[in-house]
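Each reported figure results from applying straightforward, stated rules to the coordinates on display, with no laboratory input. Just so you know, these numbers come straight off a predicted model, no measurement behind them. In this analysis, Cβ positions are derived from the backbone assuming ideal geometry, glycine residues included, and neighbour counts consider all displayed protein chains.
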Amino acid sequence: MNPFTVILTPEAQRDVLRLDATVQTRILGRIEWIGANAELIRHQMMQGDEWRGCFKYRVGDYRIIYQMDPSAKKLTVLKAGHRREVYE
């Protein structure tokens with residue numbers, strides 16, 4: 001089992017930098033964990049046309065929104081932030 005390559009979009013990088021240091025550490029640690037365990041975890045598909053092909057992962061009150069390409073072993077993080085703001 002090889003880990004997925006994790007890519008943060010510029011928007012996701014900005015989102016993470018806006019968070020408190022402790023939350024940043026939790027989010028980045030969880031993103032790394034998702035990449036290492038992508039083949040083992042159950043990914044929660046998002047609903048709605050604008051989120052087609054996207055998945056979400058919950059970290060307390062925060063969400064990580066990402067896309068996966070299993071054939072290329074690539075995980076692209078699109079957004080990360082508080083649940084009331086991340087879906088906007």
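For a straight C-alpha distance cut-off of 13 angstrom, the aspartates and glutamates reachable from Lys73 (same-chain residues fewer than eight places away being disregarded) are Glu39. Placing dummy labels 7 Å off each Cα toward the beta-carbon, the span from Arg18 to Asp61 is 1.5 nm. In this label model, Arg42 and Thr9 are separated by 2.7 nm, measuring between points 7 Å along each Cα→Cβ vector. Normalising by residue count, segment 42-88 has a Cα convex hull of 77 Å³ per residue.
Residues Val77, Val6, arranged from fewest to most other Cβ atoms within 10 angstrom of their Cβ, appear as Val6, Val77.
Using the Karplus relation 6.51 cos²θ - 1.76 cosθ + 1.60 with θ = phi - 60°, the per-residue 3J(HN,Hα) values for segment 42-48 come to 8, 8, 8, 5, 8, 9, x Hz, with x marking Gly and Pro. When the alpha-carbon atoms of segment 5-82 are used, the pair Rg, Dmax equals 11.8, 34 angstrom.
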